Amino acid sequence: MRAEPKKQSKRAATQALFESFERDYEFILATKDQDRKKVFALRHEVFLRELHYNMREDSSHHLEQDEYDSTSIHCLIKHRASGLSAGCLRLVMPSQEEDSPLRRLPVEIHGRDHFNHPDITPYDLPKEELCEVSRLAIARPFRAHHSKEEPLPYGWDGYRFSEAEAKTFPLLAIGLFLCTYSLVGLTGRRHVFAMMEPRLPRLLALSGFHFTKVSETIVYHGIRNAYYIDHRKAEKEMHEDLMPLYLHIQRALAPQLDAAMPAMAADSLS
């Protein structure tokens, strides 16, 4: 009998944390130049300066970009109180031009000799239902861990996070994927690919996002595998506690989508 109140208390605390996350962060489709530059700057900070990946760099402006940015929808999660960029991702879709080199997704190029699933490869799926999530990044201040004995983290501009704000940091990874699933649904896509380190799919599985590994090991900015998830199945299997946040993100992104779609064909900001 004691277990039920404890379970209810834990669920209430979880819901309160998600509500704090909704209040603390803004979900932006980066269609304006200033927002796209924030996305590219965050990618530069994380992938080039921290992880030292061998990626294309605009060193004069400290931006990281590639050719697929022109066929992608870019999403930015901004911390409202500090104005800091907390996280970003892009959803890459095949170019609509039949003879374009961007007709193939990055995973089709880097994983072409490594796919080993008997039924699932991007080559056999309709292009209009296909997409790839990539360039997921979380800013360093929002990856800081703290305890009562450790100081609370600071942002790059000296902003001091409160204890309540810091408690939302672990939700950013899930928040990024909820942005992904929202965009996949809003754009009418279904088949989602990603190249990930093995630990990330294991983490996502705890929230009900069960990715299928569809390739052998790929050496691409470290050890990766290609993974796949069916958007329709993902929505059905999503942990019920995440549904309010998922719907909140959908409502935030939906009015921005029309402006984001034409930007897919725009020239890169290099």
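The values are calculated or read from the model by the stated rules, or taken from the named source; none is laboratory data. Values in this document were obtained by computation on a predicted structure and should not be read as measured data. No Cβ is skipped: glycine too gets one built from the backbone with ideal geometry, and neighbour counts run over all protein chains shown. Just the protein is used for accessible areas: all its heavy atoms, side chains included, with ligands, DNA and RNA removed. Shrake-Rupley method; radii C 1.70, N 1.55, O 1.52, S 1.80 Å.
Can you find even one residue in the stretch 109-118 that is under 20 Å from Val219 (Cβ atoms) and assigned to a strand (DSSP E or B)?
Yes, there is a match, as at least one residue in the stretch 109-118 is under 20 Å from Val219 (Cβ atoms) and assigned to a strand (DSSP E or B).
Mind telling me which of the residues Leu91, Leu76, Leu105 ends up being open to solvent by less than 10 Å² (accessible area, probe 1.4 Å), in contact with a Leu (Cβ under 6 Å, 6 or more places away or on another chain) and of a type outside the set (D, E, K, R)? First the steps, then the outcome.
Numbers: Leu76 fails: in contact with a Leu (Cβ under 6 Å, 6 or more places away or on another chain); Leu105 fails: in contact with a Leu (Cβ under 6 Å, 6 or more places away or on another chain).
So the residue among Leu91, Leu76, Leu105 that is open to solvent by less than 10 Å² (accessible area, probe 1.4 Å), in contact with a Leu (Cβ under 6 Å, 6 or more places away or on another chain) and of a type outside the set (D, E, K, R) is Leu91.
Which of the residues that make up the stretch 196-223 are touching a His at 6+ places or on another chain (Cβ under 7 Å) and among the aliphatic types (A, V, I, L, M)?
Val214, Ile218
Spot the failing condition for Ile77; the list is (1) in a loop (DSSP other than H, G, I, E, B); (2) closer than 16 Å to Leu253 by Cβ, and only one is missed.
Going through the list (1) in a loop (DSSP other than H, G, I, E, B); (2) closer than 16 Å to Leu253 by Cβ, Ile77 breaks only (1).
Name the residue, out of Ile218, Ile249, that is crowded, with 18+ Cβ neighbours inside 10 Å, among the β-branched types (Val, Ile, Thr) and at pLDDT 95 or above. Break it down into steps so the answer makes sense when it comes.
On the way: Ile218 fails: at pLDDT 95 or above.
The match here is Ile249.
Is there any pair with a first residue in the stretch 128-144 that is assigned to a loop (DSSP other than H, G, I, E, B) and small (Gly, Ala, Ser) and a second that is at pLDDT below 95 and surrounded by fewer than 20 Cβ atoms within 10 Å (Cβ to Cβ) whose Cβ atoms are under 6 Å apart and which are 6 or more apart or on different chains, and what are they?
Correct list of pairs: Ala144/Pro153.
Is it the case that Ala254 is small (Gly, Ala, Ser) and open to solvent by less than 20 Å² (accessible area, probe 1.4 Å)? Please lay out each step first, then the result.
Values: small (Gly, Ala, Ser): yes; open to solvent by less than 20 Å² (accessible area, probe 1.4 Å): no.
When the stated conditions are applied, Ala254 does not pass them.
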